[in-house]
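The values are calculated or read from the model by the stated rules, or taken from the named source; none is laboratory data. A quick note: this is a predicted structure, and the numbers were derived from the prediction, not measured. As a convention, Cβ positions derive from the backbone with ideal geometry for all residues, glycine included, and neighbour counts pool all protein chains shown. Please note that ligands, DNA and RNA were not included when accessible areas were found on the heavy atoms of the full protein model with its side chains. Shrake-Rupley method; radii C 1.70, N 1.55, O 1.52, S 1.80 Å.
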Amino acid sequence: MIVQTCINGARSADFHPQLPLDADAMARDGAACVAAGAAELHVHARGLDGRESLAPEAMDLTVLALRRACPGTLIGVSTGAWIENDDKQTLAAIAGWNEMPDYASVNLSEEAAPKVMQSLRQRGIGIEAGLASVADAERLVSLDRGSQVLRILIEISEQELDPAWEVSDGIAAVLDRAGLRRAILLHGENATVWPFVHRAAERNWSTRVGLEDGKQLPDGTTASGNAALTAAAVAIFRAGR
């Protein structure tokens, strides 16, 4: 059971005044989150134009800055298809990284997921298999990739709790039937962030919080930043032990 902090995601600067959008800001913010109890960091590197980027020049700068600021902390990145908006460019970018992250999330809903997973494995990078639907879970099982991933990332976008529970439970049922015994990290988004933090704690699963997923604290107030969100999630996990 760990708390991972997702410090920026695809959010724009107007989402929160403390959203870290360059390598130095991510490094400072990452260090504050680790001090608040984050076991891992998940980041979306940005190019000089401020846009998300998988290009080696953006990724290497970001990962190196985080390594220096947070020695010993696992660093993860996204490989979302929307970042480069071109599957061949995504694969070329991964092949060109010099500063390797510890793991990368791969969305099983995306057509190129198997190729992206293969590319990451060839580079020795762990894989978070991102499952947002029962169909994603079934695809992972059909690809026989379950035994080759670092963990399963159950990420729920539904904003009404009952449908969100239904999807997350459906994903877990598929994994259970297939006998996939991998670590699970469960998280919600915006309205469902904190219900899913509690659900993860109840099930002895990992979770994540951060400005990628939402900016409200459990009491509904806006957090001062990622470190405050991290501290709140860590407190929930500690209370559940």
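Note on segment 44-116: enclosed helices (runs of 4 or more DSSP H) holding 3 or more residues that are surrounded by fewer than 17 Cβ atoms within 10 Å (Cβ to Cβ) are 56-69, 87-96. Within segment 14-26, identify whether any single residue is part of a loop (DSSP other than H, G, I, E, B), of a type in the set (A, V, I, L, M, F, W, C) and open to solvent by less than 10 Å² (accessible area, probe 1.4 Å), and answer yes or no. No, the conditions are met nowhere in segment 14-26. Within the span defined as segment 206-220, one or more residues are of a type in the set (A, V, I, L, M, F, W, C) and part of a loop (DSSP other than H, G, I, E, B). Every listed requirement among (1) open to solvent by less than 50 Å² (accessible area, probe 1.4 Å); (2) closer than 16 Å to Ile2 by Cβ; (3) assigned to a helix (DSSP H, G or I) is met by Leu140 save one, (2). When segment 27-43 is filtered for residues that are surrounded by fewer than 19 Cβ atoms within 10 Å (Cβ to Cβ) and either touching a strand residue (DSSP E or B) at 6+ places or on another chain (Cβ under 7 Å) or in a loop (DSSP other than H, G, I, E, B) (or both), the ones remaining, listed by number, are Gly37, Ala39.
Here the condition is being hydroxyl-bearing (Ser, Thr, Tyr) and within 14 Å of the chain's Cα centre (by Cα); of Thr222, Thr192, Thr207, it holds for Thr207 alone.
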